[in-house]
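Working notes, beginning with the structure itself.
The values are calculated or read from the model by the stated rules, or taken from the named source; none is laboratory data. Note that the structure is a prediction, hence the values are computed from the model and not measured. Here Cβ is always computed from backbone atoms with ideal geometry, including for glycine, and neighbour counts include all displayed protein chains. For accessibility, only protein heavy atoms count, side chains too; no ligands or nucleic acids. Shrake-Rupley method; radii C 1.70, N 1.55, O 1.52, S 1.80 Å.
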Amino acid sequence: MWLTFNYFVQAISDFLAHPSRADLARYLLTPNQLAVLTHIHQVFEVSHQAQQLVSSEKTPTLSLVLPAYELLIDSWRTLCQQYPELAPYISLGIAKVEEYI
């Protein structure tokens with residue numbers, strides 16, 4: 001998924017940077033905007049991987065789901081430390097998963 005994200009971002013950048021589309025160049029992401037988008041993608045990627053693991057089973061059991069959720073929470077806590085500006089939002093996700101458990 002990460003590779004797809006990078007290809008997608010690069011394809012958009014290449015498309016908008018073409019000289020024939022000079023009028024669209026203002027829509028290119030700034031380096032700061034791209035960094036924020038990348039961080040948000042990393043947060044969503046963790047939950048996506050957990051969801052993929054759980055949904056791979058026709059009838060997921062607690063022995064599969066609980067470790068997946070614990071890994072999700074641990075990964076999100078690590079991301080809270082790496083990206084403190086996203087910590088309030090990640091913490092909301094952690095609270096929802098803990099409430100669900």
* Asked: Does GLU98 qualify as being out of contact with any Pro (no Cβ under 8 Å at 6 or more places or on another chain) and touching a residue at least 40 places away in the same chain (Cβ under 8 Å)?
  -> no
* Structure fact -> Subset of the range 57-101, residues in a loop (DSSP other than H, G, I, E, B) and in contact with a helix residue (DSSP H, G or I) (Cβ under 9 Å, 6 or more places away or on another chain), comes to GLU57, PRO60, TYR83, ILE101
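The rows are residues; the columns are (1) exposed (fewer than 12 other Cβ atoms within 10 Å of the Cβ); (2) over 13 Å from the mean Cα position of the chain (by Cα).
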{"site": "ALA17", "(1), (2)": "no, yes"}
{"site": "VAL65", "(1), (2)": "no, yes"}
{"site": "ALA68", "(1), (2)": "no, yes"}
{"site": "TYR83", "(1), (2)": "no, no"}
{"site": "LEU92", "(1), (2)": "yes, yes"}
* Asked: Scanning for something polar (S, T, N, Q) and modelled with pLDDT of 90 or more, does the range 53-74 turn up at least one residue?
  -> no
* Structure fact -> For the range 30-54, pairs from a residue that is in contact (Cβ under 8 Å) with a residue 24 or more places away in the chain to a residue that is open to solvent by 80 Å² or more (accessible area, probe 1.4 Å), with Cβ under 6 Å and 6 or more apart or across chains, are GLU45/MET1
* So, in the range 19-63, of the ones that are polar (S, T, N, Q) and open to solvent by less than 60 Å² (accessible area, probe 1.4 Å), which residue ends up farthest from ILE90 (Cα to Cα)? -> THR38
* **Options ALA25, ALA35; residue that is modelled with pLDDT under 90, closer than 29 Å to ALA11 by Cβ and of a type in the set (A, V, I, L, M, F, W, C)** => ALA25
